[in-house]
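Note sheet for the following structure.
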Amino acid sequence: MTGESSSLPPVTPPLPWQHAAWERLLASRKGGSLPHALLLAGLPGTGCERFALALARYLLCAAPVQGTNCGDCKACRLTASGAHGDFLILEPTGKGQVIPVGQVRDAIAFGAQTPGLGQCKVLLIAPAERMNAAAANALLKTLEEPPANTYLLLVTGAESRLPATVRSRCQVLRFPVPAEDDCLSWLAEGRDQEAARQALALAAGRPLRAAELLQEGELATATKQRAAVEALLGGRAAAPAVDAALADLPLDAFLELLVRVLQDALRTLSPAALRSPRGQGLFACLDEVQGAARAVAAGANPQPELARATLLGGLEARLGERAADARLRSVFSPVTRL
Ligand SMILES: [Zn+2]
């Protein structure tokens with residue numbers, strides 16, 4: 001077992017909004033019908049990986065207590081420290097952030113071994129859509145006929161990007177964005193209620209992302225970054241200034257922020273305003289940014305500074321100060337002056 005999950009607390013329960021899905025899986029486990037290949041699909045920041053981890057630890061635990069891993073047995077101590085030989089996590093590596101075929105081959109070899117502690121083996125792949133084509137192909141046979149006592153848990157934030165051949169071999173469990181009230185009561189534990197609400201809004205309703213924002217300083221930064229994009233769209237700030245305000249954001253987070261602000265801006269427009277030049281400009285910008293986000297998610301690796309400057313320049317030209325100038329120029333165009 002490798003990666004971020006080392007040094008876990010003794011017990012990993014599912015998150016409060018996942019209880020119904022959790023109970024269903026536990027019931028099928030008790031009935032002996034838990035699928036050996038599960039695809040857990042939900043937007044990043046809503047807790048799919050946490051659910052998969054809770055399930056992995058539950059399955060590996062020698063004596064689960066009250067529907068979670070016990071936290072006390074040898075298996076639980078080993079999954080907490082990241083040293084359990086029957087638990088393997090595949091995560092993206094390297095600059096391209098892909099899961100290469102070599103990792104999947106190692107995982108298949110892992111699946112072929114007998115469980116060391118005699119319980120079962122768990123292979124967790126997250127995010128599964130980061131497997132490249134060769135890796136996904138290599139996994140197909142194992143998905144179809146998983147070795148005895150082996151569970152494959154695939155986590156994805158972008159189900160449609162997984163090959164249909166992978167999806168069709170898994171039982172799919174979809175996690176919607178949780179209800180706001182559930183998120184807020186979880187987020188607000190020991191925290192300022194208003195800050196929790198603000199963070200959840202900035203995180204587009206995704207509670208784990210909101211919890212990250214509530215870490216010291218993050219919320220103020222995220223608020224400023226969003227305000228900078230809004231100022232650009234409102235013609236109150238120039239692209240280079242906005243670029244500087246967003247310089248610390250990784251490219252995928254930058255694109256996500258742009259998509260969200262553009263969607264929110266469109267949501268506030270009346271049907272008539274949607275057909276206006278501004279509405280059309282917002283649509284065109286959203287298309288462009290979503291196209292860039294799809295390309296990046298599919299593995300494109302543009303130079304971040306250049307991509308950022310180009311997109312912000314485009315937004316400014318269509319919606320910002322430069323767009324206002326262009327509208328003025330069109331009012332005073334030669335035809336008008338004649
Ligand atoms: Zn245990």
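The values are calculated or read from the model by the stated rules, or taken from the named source; none is laboratory data. Quantities reported herein were computed from a predicted structural model and do not represent experimental measurements. Positions of Cβ are generated from backbone atoms using ideal geometry, with glycine treated the same way; all protein chains shown enter the neighbour counts.
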query = Hey, which of the helices (runs of 4 or more DSSP H) in segment 27-143, taking only ones fully inside, have at least 3 residues that are at pLDDT below 95 and away from the ligand (no atom under 15 Å from the Cβ)?
reply = 101-112
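If you go through segment 238-252 one residue at a time, do you hit one that is in a helix (DSSP H, G or I), within 30 Å of residue 154 (Cα to Cα) and either outside the structural domain of residue 44 (by TED's automatic domain parsing) or β-branched (Val, Ile, Thr) (or both)?
yes
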task = Quickly run through segment 176-194 and pick out the residues that are in a loop (DSSP other than H, G, I, E, B) and at pLDDT 90 or above.
result = 176, 177, 178, 179
note = Filtering segment 195-237 down to residues that are more than 16 Å from residue 254 (Cβ to Cβ) and either part of a loop (DSSP other than H, G, I, E, B) or of a type in the set (Ser, Thr, Tyr) (or both) yields 205, 206, 214, 215, 216, 217, 234, 235, 236
query = Only one of 156, 142 is under 21 Å from residue 297 (Cα atoms) and not aliphatic (A, V, I, L, M); which?
reply = 156
query = Where residues in segment 17-42 are aliphatic (A, V, I, L, M) and without any contact (Cβ under 8 Å) to a residue 24 or more places away in the chain, which of them is nearest to residue 207 (Cα to Cα)?
reply = 20
query = Being within 24 Å of the chain's Cα centre (by Cα) and of a type in the set (Gly, Ala, Ser), is that true of even one residue in segment 263-280?
reply = yes
message = Pairs needed: first member in segment 189-211, more than 17 Å from residue 15 (Cα to Cα); second member anywhere, modelled with pLDDT of 90 or more and not in a helix (DSSP H, G or I); C-beta distance under 7 Å; at least 6 residues apart or different chains.
response = 203/45
